[in-house]
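Worksheet: one structure, shown below.
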Amino acid sequence: MTSGTSRAVSTTHSPVAGVSFSPMNPTSVLFEAFLKCPTKCYLRSVGEVGSGNAYAEWVLAQNDTYRGEATKWLMEGVPEVERAISPSATEDLKASKWRVAVDLQVQTATMESRIHAVERVPSEGRGRPAQFVPIRFIPFNKLTKDDRLLVVFDALVLSEVRRREVGVGKIIHGDGQATLKVKTASLMGTLRKLTGNMEAALTGSTPPDLVLNRYCAECEFRDRCRQKALEKDDLSLLSGMAEKERKGYHKKGIFTVTQLSFTFRPRRRPKRLRDKREKYHQSLKALAIREKKIHIVGTPELNIEGTPVFLDVEALPDRDFYYLIGARVPTGEGMV
Ligand code: SF4
């Protein structure tokens with residue numbers, strides 16, 4: 001891993017019970033990266049810039065476009081005098097008169113976030129303070145727990161600035177600008193745990209272990225990390241190997257694909273297991289890679305009766321939309 005910078009820093013405590021952070025501000029951008037991969041978070045924290053992944057660039061552009069459109073949509077629903085763009089959040093929140101503000105840079109001594117938008121719900125009576133609701137714009141129709149955690153992170157930073165609990169966050173998302181309300185209390189425990197893990201990853205004496213994962217394809221560091229993994233012949237090159245399995249091999253002193261390839265032993269299957277599915281052998285996959293050969297476990301039998309039809313379905317899962325279905329059928333005149 002590059003930039004093996006060790007940053008031993010002491011921690012300070014946040015005014016929110018149970019949450020502590022290092023003086024190097026954990027930003028929402030780093031937290032978003034950490035939710036996907038500790039290495040991505042680390043690389044961003046040391047200022048490394050990834051490149052060469054067209055898909056990652058397309059996702060960034062898509063996010064920006066959606067954020068722009070959703071911002072416009074949100075602002076248009078509010079009278080002009082009640083809108084604000086990039087107001088100074090730290091000093092003016094209490095005195096603010098706006099109902100909706102977009103693009104707020106919210107920062108405390110220990111944390112920061114560039115919040116997409118904030119809704120101010122006026123006080124409901126004397127002595128009762130106005131409520132502030134952070135809003136995130138997310139282009140997808142189907143939301144994940146990570147999306148919810150990000151808006152709770154925004155709420156946490158906002159609560160620090162206001163020194164009052166922010167109980168609700170909102171996500172505006174998808175094609176129809178649907179709104180999801182997120183109660184921050186329900187995810188605060190998970191957020192605390194994750195921010196603690198992030199702090200440990202960023203302040204440890206060595207960078208986090210590089211583990212290729214399912215997010216690599218859409219990550220700006222894809223080429224860099226793959227190159228490093230190839231140089232190390234790292235086990236995470238075998239996609240589909242679960243973390244538990246990989247750690248199990250580490251305990252046995254197996255760290256590389258080549259080492260693993262020497263552990264495969266073909267075994268005759270007992271008769272009683274003949275009808276059961278053969279387990280997947282990562283060691284055989286490793287052997288196939290080392291020998292550059294295809295290996296097949298057992299003797300495959302293809303008993304296809306009737307007319308075999310090969311179907312290929314392509315979809316956009318986020319929209320539950322099947323945009324192409326292909327079928328290949330043998331006929332008397334050949335394949336159709
Ligand atoms: S390419 Fe993969 S391993 Fe590397 S930082 Fe991105 S997600 Fe993490």
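Answer yes or no as to whether SER10 is surrounded by 15 or more Cβ atoms within 10 Å (Cβ to Cβ), at pLDDT below 95 and among the polar types (S, T, N, Q).
On the way: surrounded by 15 or more Cβ atoms within 10 Å (Cβ to Cβ): no; at pLDDT below 95: yes; among the polar types (S, T, N, Q): yes.
It is false that SER10 is surrounded by 15 or more Cβ atoms within 10 Å (Cβ to Cβ), at pLDDT below 95 and among the polar types (S, T, N, Q).
Output the residues belonging to the range 101-134 that are in a loop (DSSP other than H, G, I, E, B) and at negative phi.
If we filter the range 101-134 for residues that are in a loop (DSSP other than H, G, I, E, B), which is where we start, we get 108-111, 122-130.
Once the filter is applied, which keeps residues that are in a loop (DSSP other than H, G, I, E, B) and at negative phi, the range 101-134 yields THR108, ALA109, THR110, MET111, PRO122, SER123, GLU124, ARG126, ARG128, PRO129, ALA130.
With respect to GLY169, is the statement that it is away from the ligand (no atom under 16 Å from the Cβ), modelled with pLDDT under 95 and not in a helix (DSSP H, G or I) true? Explain how you work it out, then say what you get.
Numbers: away from the ligand (no atom under 16 Å from the Cβ): yes; modelled with pLDDT under 95: no; not in a helix (DSSP H, G or I): yes.
Spelling it out, it is not the case that GLY169 is away from the ligand (no atom under 16 Å from the Cβ), modelled with pLDDT under 95 and not in a helix (DSSP H, G or I).
Take LEU187 and tell me if it is outside any strand (DSSP E or B), more than 16 Å from the ligand (Cβ to nearest atom) and open to solvent by less than 40 Å² (accessible area, probe 1.4 Å). Before the answer, list the steps.
Details: outside any strand (DSSP E or B): yes; more than 16 Å from the ligand (Cβ to nearest atom): yes; open to solvent by less than 40 Å² (accessible area, probe 1.4 Å): yes.
Answer is yes for this residue.
Please go through the range 31-56 and give me each residue that is within 14 Å of the ligand (Cβ to nearest atom), open to solvent by 60 Å² or more (accessible area, probe 1.4 Å) and assigned to a helix (DSSP H, G or I), ordered by number.
Within the range 31-56, GLU32, LYS36, ARG44, TYR55 meet the criteria.
Which of the residues that make up the range 226-245 are closer than 10 Å to VAL257 by Cβ, of a type in the set (Asp, Glu) and away from the ligand (no atom under 11 Å from the Cβ)?
The answer is ASP233, and nothing else.
Would you be able to say whether some residue in the range 136-151 is open to solvent by less than 40 Å² (accessible area, probe 1.4 Å), within 15 Å of VAL29 (Cα to Cα), not in a helix (DSSP H, G or I) and not aromatic (Phe, Trp, Tyr)? Please lay out each step first, then the result.
Of the range 136-151, the ones open to solvent by less than 40 Å² (accessible area, probe 1.4 Å) are 136-139, 143, 147, 149-151.
Those left that are additionally within 15 Å of VAL29 (Cα to Cα): 136-138, 147, 149-151.
Checking the rest, the ones that are also not in a helix (DSSP H, G or I) come to 136-138.
So of that shortlist, the ones also not aromatic (Phe, Trp, Tyr) come out as 136, 138.
Yes; the residues of the range 136-151 include at least one that is open to solvent by less than 40 Å² (accessible area, probe 1.4 Å), within 15 Å of VAL29 (Cα to Cα), not in a helix (DSSP H, G or I) and not aromatic (Phe, Trp, Tyr).
If a residue has to be open to solvent by 70 Å² or more (accessible area, probe 1.4 Å) and among the aromatic types (Phe, Trp, Tyr) to count, how many in the range 237-250 make the cut?
Looking only at that region, the number is 0.
Suppose we filter PHE153, PHE132 for residues that are free of Cβ contacts under 8 Å to residues at least 60 places away in the same chain and of a type in the set (Phe, Trp, Tyr); which single one remains?
Numbers: PHE153 fails: free of Cβ contacts under 8 Å to residues at least 60 places away in the same chain.
Being free of Cβ contacts under 8 Å to residues at least 60 places away in the same chain and of a type in the set (Phe, Trp, Tyr) holds for just one of PHE153, PHE132, which is PHE132.
Tell me, please, whether a residue that is within 26 Å of the chain's Cα centre (by Cα) and in a loop (DSSP other than H, G, I, E, B) can be found in the range 81-100.
Quick first cut of the range 81-100, residues within 26 Å of the chain's Cα centre (by Cα) only: none.
No, that holds for no residue.
Would you be able to say whether some residue in the range 226-236 is of a type in the set (A, V, I, L, M), without any contact (Cβ under 8 Å) to a residue 12 or more places away in the chain and open to solvent by 80 Å² or more (accessible area, probe 1.4 Å)?
As a first pass, look at the range 226-236 and keep what is of a type in the set (A, V, I, L, M): 229-230, 235.
After this cut, where a residue has to be without any contact (Cβ under 8 Å) to a residue 12 or more places away in the chain as well, the list is 230.
Narrowing further to those that are open to solvent by 80 Å² or more (accessible area, probe 1.4 Å): 230.
Yes: the range 226-236 contains one or more residues that are of a type in the set (A, V, I, L, M), without any contact (Cβ under 8 Å) to a residue 12 or more places away in the chain and open to solvent by 80 Å² or more (accessible area, probe 1.4 Å).
Of the conditions (1) within 16 Å of the ligand (Cβ to nearest atom); (2) not in a loop (DSSP other than H, G, I, E, B), ASN213 satisfies every one except a single condition; which number is it?
So ASN213 meets the others, but not (2).
Looking at ASP209, ASP175 in this structure, which one is open to solvent by 50 Å² or more (accessible area, probe 1.4 Å) and farther than 30 Å from ARG246 by Cβ?
Values: ASP209 fails: farther than 30 Å from ARG246 by Cβ.
Of ASP209, ASP175, the one residue that is open to solvent by 50 Å² or more (accessible area, probe 1.4 Å) and farther than 30 Å from ARG246 by Cβ is ASP175.
Can you find, within the range 57-76, the residue that is surrounded by the fewest Cβ atoms within 10 Å (Cβ to Cβ) among those that are aromatic (Phe, Trp, Tyr) and closer than 16 Å to ASP175 by Cα?
Filtering the range 57-76 for residues aromatic (Phe, Trp, Tyr) gives 58, 66, 73.
Narrowing the set further to residues that are closer than 16 Å to ASP175 by Cα leaves 66, 73.
Working: TYR66: 19, TRP73: 12.
If we take residues in the range 57-76 being aromatic (Phe, Trp, Tyr) and closer than 16 Å to ASP175 by Cα, then TRP73 is surrounded by the fewest Cβ atoms within 10 Å (Cβ to Cβ).
Output the residues belonging to the range 196-206 that are hydroxyl-bearing (Ser, Thr, Tyr) and either buried (at least 21 other Cβ atoms within 10 Å of the Cβ) or part of a loop (DSSP other than H, G, I, E, B) (or both).
The answer is SER205, THR206.
Taking the range 251-272 on its own, how many of its residues are among the hydroxyl-bearing types (Ser, Thr, Tyr), open to solvent by less than 40 Å² (accessible area, probe 1.4 Å) and assigned to a helix (DSSP H, G or I)?
Matching residues across the range 251-272 total 1.
Got a number for residues in the range 304-336 being surrounded by 10 or more Cβ atoms within 10 Å (Cβ to Cβ) and more than 30 Å from GLN177 (Cα to Cα)?
Of the residues in the range 304-336, 6 are surrounded by 10 or more Cβ atoms within 10 Å (Cβ to Cβ) and more than 30 Å from GLN177 (Cα to Cα).
The values are calculated or read from the model by the stated rules, or taken from the named source; none is laboratory data. All figures in this text were calculated on a predicted structure; none of them were measured in a lab. With ideal geometry, Cβ positions are generated from the backbone for all residues, glycine too; neighbour counts draw on all protein chains shown. Remember, those area values only see protein heavy atoms, side chains included, never the ligands or the DNA or RNA. Shrake-Rupley method; radii C 1.70, N 1.55, O 1.52, S 1.80 Å.
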